[in-house]
Each structure stands twice: as C-alpha cells, then as structure tokens.
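Data block below; observations after.
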Amino acid sequence: MKKVFVDTDICLDLLSGRKPFNSVAEKLFSLADTGKIRTCVSSLSFANIDYILKSQYSAPNSRQIIAKFKTLVTVLPVDSKTIDLAIASDFADFEDAIQYYSAIENGIDLMLTRNIRDYKKATIKVMTPETFLSKPR
C-alpha cells in the first residue's frame, strides 16, 4: 500500500470544508478510508488543525472532528532529530521544514501539498493532491 505524507493544508481542506479544495481532499481521504493508500501526517498537524477548527467550531466539536479524522491517518512523531533538521534547513517556513523532515525521517517518499513552491529543495516527490489523484495506482 502506498504511503503518502499529507500536509496540514489538505487536512484542513477536508475538515473545515474549504471550497473549492474540499472535494479533492474528500477524494484523497476516501482512498485512505477504503485502504487504498496510507495517509500520514505529523503530530504537529493536530495542533495546527485544532487551532484553526476552534475558530470555526466549539472546542468540543473540534475535538470530535479531530478524533474522527485520526482514524484516517497514521500520526508520525516530531522528535528532537526532526526539529534539529528543520532548524538546520534552509526552508523559509519553519513549519514546512518540520512537516518535510517528519516525512523524511519516517521513510516516506511522497508528500502531498497545495503549496509545492514551499518545497522547491525537496529530495522526495512533492505534488498536489490533484496530480496524485490523476495518476494510476
């Protein structure tokens, strides 16, 4: 089964219903739900997701949404080495660096994001969810 790292932006597209991106996110996570792919996210994503969802929903509702979402993903750790790699990197955005090195440190060779330009120096494949969904599996 193909493992893909999913950036927080795509998770939020799904969970907050951000149009027009939510329909692609729904298709992507549907593949995870049916066992066709394994979606991975960093533990950092959950803090970011909760922060955003609390502005849209109540705190208890945000937690319920997150609990359901957690069943669709594998949560990857952010450890000291991941942080050290992010600090030493030349990523302009520190959060992007943490996400990237979470994928690298867990042996994932494909990252999905809507912000490809943020990962210009990536040594793994980086693509949009639209591009990923258009490729045969």
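The values are calculated or read from the model by the stated rules, or taken from the named source; none is laboratory data. Keep in mind it's a predicted model, so treat the numbers as computed, not measured. Every residue, glycine as well, gets a Cβ built from its backbone with ideal geometry; the counts of neighbours run over all protein chains shown.
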Pull out all pairs, ordered by first then second residue, where Cβ-Cβ is under 6 Å, the residues are six or more apart or on different chains, the first lies in the stretch 87-103 and is more than 15 Å from residue 120 (Cα to Cα), and the second is aromatic (Phe, Trp, Tyr) and outside any helix (DSSP H, G or I). 103/5
Condition check: over 22 Å from residue 21 (Cβ atoms) and of a type outside the set (Lys, Arg). Does residue 96 satisfy that? no
Residue by residue through the stretch 110-137, note down the ones that are of a type in the set (S, T, N, Q) and either at pLDDT 95 or above or more than 16 Å from residue 41 (Cα to Cα) (or both). 113, 123, 128, 131, 134
Here's a check for you: in the stretch 52-64, which residue that is closer than 12 Å to residue 15 by Cα and hydroxyl-bearing (Ser, Thr, Tyr) is surrounded by the most Cβ atoms within 10 Å (Cβ to Cβ)? 62
Evaluate the following for residue 36: is it loosely packed, with under 14 Cβ neighbours inside 10 Å and touching a residue at least 60 places away in the same chain (Cβ under 8 Å)? yes
For the stretch 87-103, which positions are hydrophobic (A, V, I, L, M, F, W, C) and surrounded by 17 or more Cβ atoms within 10 Å (Cβ to Cβ)? 91, 97, 98, 103
Over the stretch 1-29, the set of residues free of Cβ contacts under 8 Å to residues at least 40 places away in the same chain and either assigned to a loop (DSSP other than H, G, I, E, B) or touching a Cys at 6+ places or on another chain (Cβ under 8 Å) (or both) is 1, 17, 18, 19, 20
In the stretch 101-117, the residues that are in contact with a strand residue (DSSP E or B) (Cβ under 7 Å, 6 or more places away or on another chain) and under 22 Å from residue 18 (Cβ atoms): 111, 112, 113, 116
